[in-house]
Amino acid sequence: RPLQEEEEEEAEVGWQEKLFSQFEVDLYQNESACQTPLDRQYHEEILKLGKSGGRKNCRIFTYTDHDRFTNLEEHCQKVTDSDHEVPSYLAERMANVRRRRQDRRPIETSSLKSKIITWEPSEEFIKNNHVINTPVQTMYIMGDLGPYGKLGHREYEHVLCTIKVDGNGVITVKPDFTGTEGAYRIELDGDKREVWKYTIENASLQVQPEEEEREQCVFRDLYSRHKEYLSGLVGSEFEMPPPGTLRLFVNGEIVSAQGYEYDNLYVHFFLELPNRWSNPTFQQLSGVTQTCATKKVGWDNVAYFCYPFTLDMLFTQGDESEDSLPQWPVLYFEVLSLDFWQRYRVEGYGSLVLPASPGLHMLTIPTWRPVELGTVAELRRFFIGGSPELEDITYVRIPSTFKGERLSRFGFRTETTGSVTFRLYCLQQSRQVQQNFLESSALRQRMQNVLDRLGGSSQQSSVYNVLEAFQRARRRMQEARESLPQDLVSASASTA
């Protein structure tokens with residue numbers, strides 16, 4: 001129904017400000033009804049209100065964080081809106097575990113690092129920590145929506161707004177401040193079907209510049225202390241690479257090999273470091289997996305190795321005047337088989353360029369093996385093992401010892417075999433921003449933009465080669481132009 005003018009009410013409420021309802025005034029006036037120290041405090045405050053002219057509010061009142069209503073409201077919250085709801089086992093356990101203003105006992109330990117993991121948690125520890133137990137302070141702004149002249153009945157009390165502040169400083173107002181959508185509505189049950197409308201506005205004063213600056217100083221001090229606390233947890237063993245260098249750390253795994261002719265496979269691999277790359281920890285950059293039997297998965301025979309390996313490399317940035325672009329490390333591998341009679345066979349060769357972007361990469365690399373023409377070679381491979389092998393496994397790509405201009409593979413016969421799946425977790429550490437690491441000149445800036453658009457490590461090597469070839473052709477053209485007579489150059493320019 002439309003609100004009459006005398007039934008309109010406006011109240012300005014502060015945080016944890018207590019406004020008594022008519023029911024509380026009638027209850028706490030009698031000293032015999034006061035059982036707790038808080039009840040006796042409310043009794044004294046109500047007596048003072050009576051001497052000063054009574055309470056100013058009529059229908060709007062509040063329940064603070066210490067009132068019984070707040071504890072009962074948080075403990076007896078329903079999951080559904082059914083009147084006949086029976087709390088489930090999970091709801092009862094969550095209601096018992098959730099504790100407001102929980103007192104956290106300090107962990108009995110002397111070292112900061114031991115606080116990260118609790119090796120032997122007790123049942124009470126598990127009960128208190130399997131849900132969020134951030135301390136929370138709550139306040140309810142209530143409305144007594146009873147008929148005119150019949151205030152003070154608990155059945156007419158309705159929650160208008162709930163305000164919560166947790167230990168992290170997050171303020172939650174539900175429902176939100178009234179915006180452009182209009183006032184909130186509460187429709188009462190009964191014969192008259194009364195409708196009440198109310199609005200919630202933020203009446204807080206604007207922060208003065210001096211107070212805001214003081215608050216920022218407090219925040220900076222808090223953040224610096226938290227940073228020192230985190231540094232104490234991490235420790236001082238975390239090393240930074242030297243300036244102008246990039247550290248590439250790879251946690252890899254040879255997952256599986258599939259599609260090969262023979263059983264009992266194993267993989268031999270090693271990493272080739274190009275120029276300006278080094279191994280700071282003198283770690284072994286090669287390895288051999290265990291021999292693994294295959295099993296039938298679909299149409300292929302798959303050998304699951306799950307063999308982990310770790311690679312640690314350091315790239316040193318060279319002179320900015322150099323035109324050559326840095327090469328990325330290459331992982332070479334070969335797949336071999338070993339049978340019951342100790343016969344070895346080469347099943348395939350392959351290589352992969354380590355990903356240039358950090359993160360998780362799943363790569364499936366196809367392989368090939370050299371073959372000989374004729375039946376004798378296949379009979380030898382079948383009966384006594386052995387097959388044509390590469391003397392230099394880097395021949396899979398461009399050998400590191402190759403110094404010529406053209407690499408000819410004419411007449412070299414190969415056969416496509418299976419594939420090997422790698423899982424690589426790449427981490428990059430540098431004092432510089434990773435996107436700007438290769439941007440030492442305009443050419444490297446364009447190169448990085450091209451790599452970002454391509455987004456793949458497989459194209460990176462080919463782009464390097466194309467740009468280097470372009471630089472060599474450009475230098476040869478400049479040298480040829482400088483060797484020509486000046487009159488010929490000027491004549492060709494005028495003709496153009």
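Values computed for the structure shown
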item: Qualifying residues in segment 384-433 (those that are over 14 Å from Phe333 (Cα atoms) and aromatic (Phe, Trp, Tyr)) - the one farthest from the chain's Cα centre (by Cα); result: Phe410
item: Those residues of segment 334-364 which are among the aliphatic types (A, V, I, L, M) and either part of a loop (DSSP other than H, G, I, E, B) or open to solvent by less than 30 Å² (accessible area, probe 1.4 Å) (or both), in sequence order; result: Val335, Leu336, Val346, Leu352, Val353, Leu354, Ala356
item: Any strands (runs of 3 or more DSSP E) falling wholly within segment 250-330 and containing at least 2 residues that are out of contact with any Phe, Trp or Tyr (no Cβ under 6 Å at 6 or more places or on another chain), over 19 Å from Tyr425 (Cα atoms) and assigned by the TED database to the domain that holds Ser419; result: 265-272, 295-297, 300-316
item: Any hit, segment 293-312, residues being at pLDDT below 95 and within 25 Å of Phe402 (Cβ to Cβ); result: yes
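The values are calculated or read from the model by the stated rules, or taken from the named source; none is laboratory data. Everything numeric here is computed off the predicted structure, so don't read it as measured data. With ideal geometry, Cβ positions are generated from the backbone for all residues, glycine too; neighbour counts draw on all protein chains shown. Only protein heavy atoms, including side chains, enter the accessible area calculation; ligands, DNA and RNA are left aside. Shrake-Rupley method; radii C 1.70, N 1.55, O 1.52, S 1.80 Å.
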